[in-house]
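The structure appears below as structure tokens.
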Amino acid sequence: MRRWITAVSGALALALLLTATSVQAQTNSDVIDANANVLTPLQVTGQQALDFGDVFPGVTYTIAPTDPAPGIWRVQGYGSAEIDLTFGLPAQLNFGVNNFAIDFAGNTAGVNTANNPAGASVFDPAGGYTGDLGAGGDLYVFIGAQITPATGQAAGLYTNTISLTADYTGN
């Protein structure tokens, strides 16, 4: 009988040991994806120069951004995305060693989702612009200015560059 009790005790101990080792904390796991959808890069394209044409010394000339012939850029990107516009505005037009001032003060810039300066919303280009591209991803930017060549201004073609930079805001 002692053998039987020892055998039963051993079997019982073995059963308890197996039960204890098979009952462990349950672990569970799963995975998720990490995604990033890179949107259309912005593209800025100059469409038309800000051209005052033939001008006379001593006479003031003004082109508004809503006039029929302002300077024009087309900004293309992801539809309805918010962008910032910043301008590089020259202080003067140059012809060799000769120059005269060009003034971009006030509301001399404008934007429209259509290529129509007459319908542009105007703003001061010195402060830049934050707004949305159109639903189709287009925004047209118009620039005007004012010039007054001096009375004794030397004859010649006076030029300089105006730059426009567009950046997504992330909104």
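Each reported figure results from applying straightforward, stated rules to the coordinates on display, with no laboratory input. Here the structure is a predicted model, which means the values were calculated and not measured. Quick reminder, even Gly has a Cβ in these numbers, built from the backbone with ideal geometry, and neighbours come from all protein chains shown.
The table that follows gives values for the structure above.
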| quantity | calculated |
| --- | --- |
| Residues located in the range 148-165, provided they are in contact with a Ser or Thr (Cβ under 8 Å, 6 or more places away or on another chain) and crowded, with 19+ Cβ neighbours inside 10 Å | 164 |
| Members of the range 37-61 that are under 20 Å from residue 154 (Cα atoms) and outside any loop (DSSP other than H, G, I, E, B) | 61 |
| Tally, over the range 73-92, of residues that are more than 13 Å from residue 138 (Cα to Cα) and either touching a residue at least 12 places away in the same chain (Cβ under 8 Å) or in contact with a helix residue (DSSP H, G or I) (Cβ under 7 Å, 6 or more places away or on another chain) (or both) | 8 |
| Wholly enclosed strands (runs of 3 or more DSSP E) of the range 80-169 bearing at least 3 residues closer than 17 Å to residue 51 by Cβ | 92-95, 98-103, 138-143, 145-147 |
| Hits in the range 90-112 - residues which are over 18 Å from residue 163 (Cα atoms), touching a strand residue (DSSP E or B) at 6+ places or on another chain (Cβ under 8 Å) and surrounded by fewer than 17 Cβ atoms within 10 Å (Cβ to Cβ) | 95 |
| Members of the range 48-105 found to be of a type in the set (Asp, Glu) and closer than 11 Å to residue 147 by Cβ, listed by number | 103 |
| Scope the range 122-143; condition farther than 19 Å from residue 165 by Cβ and touching a strand residue (DSSP E or B) at 6+ places or on another chain (Cβ under 8 Å); matching residues | 122 |
| Given (1) crowded, with 16+ Cβ neighbours inside 10 Å; (2) closer than 16 Å to residue 164 by Cα; (3) more than 17 Å from the chain's Cα centre (by Cα); (4) of a type in the set (A, V, I, L, M, F, W, C), index of the condition residue 83 fails | (3) |
